[in-house]
């Protein structure tokens, strides 16, 4: 029983380490990006995606699954605080990546204009300008 518990914990640690490594790589690109008038979000991701859903704070897992039309154990509630960034990337009706964290700790944030529970962008319409303010990159969506 003890061996099974140790093996299970090791597997969980490896899975989370692998996932966080990719997450840290993408987060590093977002926080290290130089100020530019236009950059495509697809240029910063190292994975393929069709849609990115920017989820507002205080939206439940069930609501998110309805918004993205995908049921997934990977989806989580976004009930933390107002500065939480939660972006769900999907491709072919599957969750392929999630970005989750507090903007104050990440070193970047997104300005998507006004929206209620979510904002969906496509990989074809994902242009942002990047400005640095007080050491934080602010990605402002360029509406077409």
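Every number here is computed from the coordinates shown, using simple stated rules; none is lab data. On a predicted model such as this, the values are computed, not experimentally measured, just so you know. Positions of Cβ are backbone-derived with ideal geometry, glycine not excepted, and every protein chain shown enters the neighbour counts.
Once label points are set 7 Å from the Cα along Cα→Cβ at both residue 133 and residue 29, what is their separation, rounded to one decimal in nm?
Label at residue 133, label at residue 29, 2.5 nm between them.
State whether region 24-116 is rounded, prolate or oblate according to the following rule on the C-alpha gyration tensor (a ≥ b ≥ c being the square roots of its eigenvalues): a/c under 1.5 gives rounded; otherwise a/b larger than b/c gives prolate, and the remaining case gives oblate.
Oblate, since a/c reaches 1.5 and b/c is not below a/b.
Express in nm, to one decimal, how much length is gained between residue 50 and residue 96 on full extension, taking 0.36 nm for each residue of separation and deducting their alpha carbon distance.
15.6 nm
Taking 0.36 nm per intervening residue step and subtracting the Cα-Cα distance, what contour gain separates residue 105 from residue 70 on full extension? Walk me through the numbers on the way to the answer.
On the way: separation 35, 0.36 × 35 = 12.60 nm, distance 2.87 nm.
Working it through step by step, the gained length comes to 9.7 nm.
Run the paramagnetic zone check for residue 42: 7 angstrom along Cα to Cβ, then residues of region 116-144 with backbone nitrogen under 19 Å.
Those under the cut-off are 120-130, 140-144.
Using a ≥ b ≥ c from the Cα gyration tensor of region 70-144 (square roots of the eigenvalues), is it rounded, prolate or oblate, where a/c under 1.5 gives rounded and otherwise the larger of a/b and b/c decides, a/b for prolate?
Since a/c reaches 1.5 but b/c is at least a/b, the shape of region 70-144 is classed as oblate.
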